[in-house]
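Student: Supplied in structure tokens, the structure appears directly below.
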Amino acid sequence: MAHLHITGWVVAFILLFVVTSFYQSGKAKTGKILHMILRLDYLIILFSGITLFFQYSSISGELIIKILAGLWAIASIEMITVKTNKDKPTKAWWIQFVIAALLAIILGFGRLPLGVLP
């Protein structure tokens, strides 16, 4: 399940950049289609994340922070794409996205027991 979760995040990161580039280049229809695919990817991320959550034997503070950071990253991705479509400033949301994504990745890979790093 961890592989599905990681794949979901990688696809979300790629789709984020593709969707914003289509919106910025004026190809709103293609951007809208890919935006809907990105939203379906959120469901994959949430499903696999919830499944991973139930695999933990003990709930720790770090796990709760990782979950909140992951949800914050998804919210930031959505706000970036919506505001880019509406030609509104997105700098604050990009900063939040980077912080949330780094926090979730560091906790997920390095600190929590189901991570891949020692």
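The values are calculated or read from the model by the stated rules, or taken from the named source; none is laboratory data. Just so we're clear, the structure is a prediction, and the values are computed from it rather than from any experiment. FYI the Cβ positions are ideal-geometry reconstructions off the backbone, even for glycines, and counts take in every protein chain you see.
Student: Please identify the pairs in which a residue from segment 79-108 that is within 15 Å of Ser21 (Cα to Cα) has its Cβ atom under 9 Å from the Cβ atom of a residue that is crowded, with 17+ Cβ neighbours inside 10 Å and among the small types (Gly, Ala, Ser), counting only partners at least 6 apart or on another chain.
Tutor: Thr81/Gly31; Thr84/Gly31; Asn85/Gly31; Trp94/Ser76
Student: A further question follows. What are the residues in segment 55-64 that are touching a residue at least 24 places away in the same chain (Cβ under 8 Å), part of a helix (DSSP H, G or I) and exposed (fewer than 15 other Cβ atoms within 10 Å of the Cβ), if any?
Tutor: Result: Gln55, Glu62.
Student: Ok, one more. Among the numbered criteria (1) touching a Leu at 6+ places or on another chain (Cβ under 9 Å); (2) surrounded by 14 or more Cβ atoms within 10 Å (Cβ to Cβ); (3) not aliphatic (A, V, I, L, M), which one does Trp9 miss?
Tutor: Among (1) touching a Leu at 6+ places or on another chain (Cβ under 9 Å); (2) surrounded by 14 or more Cβ atoms within 10 Å (Cβ to Cβ); (3) not aliphatic (A, V, I, L, M), the lone unmet condition for Trp9 is (1).
Student: Checking Leu43 against (1) under 14 Å from the mean Cα position of the chain (by Cα); (2) under 22 Å from Ile99 (Cβ atoms), only one condition comes out false. Which one?
Tutor: The number of the failed condition is (2).
Student: I would also like to ask the following. Let me spell it out: the conditions are (1) loosely packed, with under 13 Cβ neighbours inside 10 Å; (2) under 22 Å from Trp93 (Cβ atoms); (3) of a type in the set (Gly, Ala, Ser), and Gly31 meets all of them except one. Which number is the exception?
Tutor: (1)
Student: Taking only pairs six or more apart or across chains, which ones have beta-carbon atoms under 6 Å, a first residue in segment 37-51 that is closer than 14 Å to Ala12 by Cα and charged (D, E, K, R), and a second residue that is modelled with pLDDT under 95 and surrounded by fewer than 19 Cβ atoms within 10 Å (Cβ to Cβ)?
Tutor: Note: no pairs meet the criteria.
Student: Also: Looking for whichever is surrounded by 15 or more Cβ atoms within 10 Å (Cβ to Cβ) and either out of contact with any helix residue (DSSP H, G or I) (no Cβ under 7 Å at 6 or more places or on another chain) or hydroxyl-bearing (Ser, Thr, Tyr) (or both) here; the options are Ile105, Ile45. Which one fits?
Tutor: Ile105
Student: I would also like to ask the following. Picking from Ile74, Ile33, Ile37, Ile106, which residue would you name as being assigned to a helix (DSSP H, G or I) and either polar (S, T, N, Q) or at pLDDT below 95 (or both)?
Tutor: Sole residue among the options that is assigned to a helix (DSSP H, G or I) and either polar (S, T, N, Q) or at pLDDT below 95 (or both): Ile106.
Student: Sticking with this structure for a sec: Please work out which one of (1) part of a helix (DSSP H, G or I); (2) closer than 21 Å to Lys83 by Cα is the condition Gly26 fails and give its number.
Tutor: (1)
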